[in-house]
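One structure is given here, and the rest of the page talks about it.
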Amino acid sequence: MASRTSTRSRGDGEKYTVLLPTYNERENLPLIVWLLVKYFGESGYDYEIIVIDDGSPDGTLEVAEQLQKIYGEDKILLRPRAKKLGLGTAYIHGIKHATGSFIFIMDADLSHHVSRVALGLKHQKEGDYDLVSGTRYQGDGGVYGWDLRRKLISRGANFVTQVLLRPGASDLTGSFRLYKRKVLEGLIERCVSKGYVFQMEMIIRARQLDYSIGEVPISFVDRVYGESKLGGNEIVSFLKGLLTLFATT
């Protein structure tokens, strides 16, 4: 009992919500949830993890239901949708049910190591940033496990985006972010993108509104289980979204 009290005292009084959109992540979800529960529990932070599953045919939702039984309905919240509706709308759906004053968004496929959560929290507190974004292109950040094609697509997309939009951040397409809740709500109201372009638009809108943006280096590791969701349709959608933002911002 004394040990638990000591652990709790390390928390900062805030509550943190982690949004985990999923589609066919039955192998990865138990691992990422366990790592998050372990980190937040040992750190003493109040937290909740919201799983937004988009009708995964591999049984991801059933796995999430089992995790909820293990860790409790107050820690694991399930907010599924009937079908795949896009990453941006998944975050919009998730935040409606969030009760934390800070919102983490990250991939459920173990591409982002949970140790970066601690770094993001530390950086946010030091600078009181409105949002903290993980970057693969600064400091000791990097990408591991990708073939040359994926690396060229990512680097090329980031380069073109930097030239056209001058966003004031080094990595626009990554999906490891920490937001103040009110900031995220305000950005979502202004964003029109629904798919992978959503992440990029959020940074651009944040710059327009003069929100402070901090960055922490992250190592992006390609998924161990399952298949990448990046395909030709997503690339075309990204290019269309990029041109739209260039024309309207």
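The values are calculated or read from the model by the stated rules, or taken from the named source; none is laboratory data. Everything numeric in this text was worked out from a predicted model, so none of it was measured. For neighbour counting, all protein chains shown are included, and Cβ atoms are generated from backbone atoms with ideal geometry for every residue, glycine included. Surface accessibility is based on the protein's heavy atoms, side chains included, excluding ligands, DNA and RNA. Shrake-Rupley method; radii C 1.70, N 1.55, O 1.52, S 1.80 Å.
Give me a count of the residues in segment 162-186 that are assigned to a helix (DSSP H, G or I) and either free of Cβ contacts under 8 Å to residues at least 40 places away in the same chain or buried (at least 23 other Cβ atoms within 10 Å of the Cβ) (or both). Walk me through it before giving the result.
Here is the first cut: in segment 162-186, the ones assigned to a helix (DSSP H, G or I) are 162-165, 181-186.
Okay, now just the ones that are also either free of Cβ contacts under 8 Å to residues at least 40 places away in the same chain or buried (at least 23 other Cβ atoms within 10 Å of the Cβ) (or both), so 162-163, 182, 184, 186.
Going through segment 162-186 one residue at a time, the tally reaches 5.
Within segment 97-134, how many residues are open to solvent by 50 Å² or more (accessible area, probe 1.4 Å), of a type outside the set (A, V, I, L, M, F, W, C) and over 21 Å from residue 207 (Cα atoms)?
6
Just give me the residues in segment 187-207 being in a loop (DSSP other than H, G, I, E, B) and of a type outside the set (D, E, K, R), in sequence order.
191, 192, 193, 195, 196
Suppose we filter 155, 116 for residues that are among the basic types (Lys, Arg) and closer than 30 Å to residue 42 by Cβ; which single one remains?
After applying the criteria, what remains is 116.
Based on this model, can you work out whether residue 163 counts as under 17 Å from residue 207 (Cβ atoms) and among the β-branched types (Val, Ile, Thr)?
Values: under 17 Å from residue 207 (Cβ atoms): yes; among the β-branched types (Val, Ile, Thr): yes.
So residue 163 fits the description; yes.
Pull up segment 43-61, narrow it to residues that are of a type outside the set (A, V, I, L, M, F, W, C) and in a strand (DSSP E or B), then point me to the one that is surrounded by the most Cβ atoms within 10 Å (Cβ to Cβ).
Filtering first and then ranking leaves 53.
Say we look at segment 62-74 and pick out the residues that are touching a strand residue (DSSP E or B) at 6+ places or on another chain (Cβ under 6 Å) and touching a residue at least 24 places away in the same chain (Cβ under 8 Å); which of these is surrounded by the fewest Cβ atoms within 10 Å (Cβ to Cβ)?
67
Within segment 146-157, is there a residue that is surrounded by 15 or more Cβ atoms within 10 Å (Cβ to Cβ), closer than 15 Å to residue 111 by Cβ, in contact (Cβ under 8 Å) with a residue 40 or more places away in the chain and within 17 Å of the chain's Cα centre (by Cα)?
No; the residues of segment 146-157 include none that is surrounded by 15 or more Cβ atoms within 10 Å (Cβ to Cβ), closer than 15 Å to residue 111 by Cβ, in contact (Cβ under 8 Å) with a residue 40 or more places away in the chain and within 17 Å of the chain's Cα centre (by Cα).
Of 98, 118, 108, which residue is part of a loop (DSSP other than H, G, I, E, B) and under 22 Å from residue 221 (Cβ atoms)? Can you show your working first?
Working: 98 fails: under 22 Å from residue 221 (Cβ atoms); 118 fails: part of a loop (DSSP other than H, G, I, E, B).
On inspection, the qualifying residue turns out to be 108.
Please name all residue pairs, on different chains or six or more residues apart, with Cβ atoms under 6 Å, provided the first residue is in segment 44-58 and is free of Cβ contacts under 8 Å to residues at least 12 places away in the same chain and the second residue is in a strand (DSSP E or B) and among the hydrophobic types (A, V, I, L, M, F, W, C).
none
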